[in-house]
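Asks: Before we start, here is the structure in question, set down as structure tokens.
No value in this document is a laboratory result; all are computed from the given coordinates. Computed from a predicted model, the values in this text were never measured in an experiment. Counting neighbours? That spans all protein chains shown, and the Cβs are built from the backbone with ideal geometry, glycine included.
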């Protein structure tokens with residue numbers, strides 16, 4: 001089956017802010033409402049992470065455990081709606097937001113690249129349907145992605161209507177089987193991603209080049225220096241940045 005990838009212009013028109021336009025010293029921690037507000041004000045698309053908690057909340061948070069972002073070890077999926085306003089990020093005044101709160105704050109001003117994180121306890125279908133339900137009530141431009149090909153299959157089955165992307169890279173923390181499957185992206189033949197988000201350290205990659213040659217957009221992550229940016233521009237169509245180098249072609 002031949003599938004023509006979706007190629008929305010926004011995926012390549014401007015660099016994408018990783019977890020928002022964050023600056024901890026300025027009171028804008030990653031994946032916070034303040035970071036997304038700053039990105040919207042500057043006109044940068046944002047990447048963000050979404051998890052489904054045990055109580056059914058869609059929270060915007062990267063880590064599976066709260067230790068790094070709050071200093072208190074606790075599985076992120078155990079957070080309840082009542083916990084969220086009190087769960088402060090990196091000791092500041094910003095709290096863990098819900099996906100609905102981020103969508104409300106951004107208000108469609110910038111596109112959002114939403115990574116679905118399955119975790120160990122979440123119902124994958126509930127995660128997918130919950131994200132699509134939240135997006136269905138909002139205007140704006142969105143793309144969805146995941147490391148997990150099974151989530152991409154569910155998105156396809158739900159006829160999401162948004163660009164869908166496979167995230168991959170060197171996957172050094174994974175076991176040998178998952179690492180091989182992830183690096184080769186063999187699941188792409190089933191999920192037919194519209195774009196690939198690939199770890200910069202793993203580029204160049206012959207496999208990535210093959211998919212790029214088929215019209216699949218490639219995003220490189222995560223850029224932190226001018227050297228990173230030069231490499232990303234050589235091997236990818238756009239990049240996701242933690243630090244946008246001074247003088248970068250915005």
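Asks: What about residue 219, is it in contact (Cβ under 8 Å) with a residue 60 or more places away in the chain, on the phi < 0 side of the Ramachandran plot and either in contact with a strand residue (DSSP E or B) (Cβ under 9 Å, 6 or more places away or on another chain) or outside any loop (DSSP other than H, G, I, E, B) (or both)?
Replies: Numbers: in contact (Cβ under 8 Å) with a residue 60 or more places away in the chain: yes; on the phi < 0 side of the Ramachandran plot: yes; either in contact with a strand residue (DSSP E or B) (Cβ under 9 Å, 6 or more places away or on another chain) or outside any loop (DSSP other than H, G, I, E, B) (or both): yes.
Yes: the conditions hold for residue 219.
Asks: Also: Identify, please: which residue in segment 172-204 is in a loop (DSSP other than H, G, I, E, B) and touching a residue at least 24 places away in the same chain (Cβ under 8 Å) and is, among those, surrounded by the fewest Cβ atoms within 10 Å (Cβ to Cβ)?
Replies: 204
Asks: Determine, yes or no, whether residue 65 is within 21 Å of the chain's Cα centre (by Cα) and without any contact (Cβ under 8 Å) to a residue 12 or more places away in the chain.
Replies: yes
Asks: Can you give me the number of residues within segment 82-104 that are surrounded by fewer than 15 Cβ atoms within 10 Å (Cβ to Cβ) and not in a loop (DSSP other than H, G, I, E, B)?
Replies: The qualifying residues number 3.
Asks: Would it be correct to say that residue 111 is under 29 Å from residue 24 (Cα atoms), surrounded by 15 or more Cβ atoms within 10 Å (Cβ to Cβ) and in contact (Cβ under 8 Å) with a residue 40 or more places away in the chain? Write out each step before concluding.
Replies: Values: under 29 Å from residue 24 (Cα atoms): yes; surrounded by 15 or more Cβ atoms within 10 Å (Cβ to Cβ): yes; in contact (Cβ under 8 Å) with a residue 40 or more places away in the chain: yes.
Criteria met by residue 111.
Asks: For segment 221-237, give me each residue that is crowded, with 21+ Cβ neighbours inside 10 Å and within 11 Å of residue 12 (Cα to Cα).
Replies: 236
Asks: Then there is this: Would a scan of segment 116-126 turn up a residue that is on the phi > 0 side of the Ramachandran plot, more than 16 Å from the chain's Cα centre (by Cα) and not in a strand (DSSP E or B)?
Replies: Applying the first criterion (on the phi > 0 side of the Ramachandran plot) to segment 116-126 yields 119.
Adding the requirement that they be more than 16 Å from the chain's Cα centre (by Cα) leaves none.
No - not one qualifying residue is present in segment 116-126.
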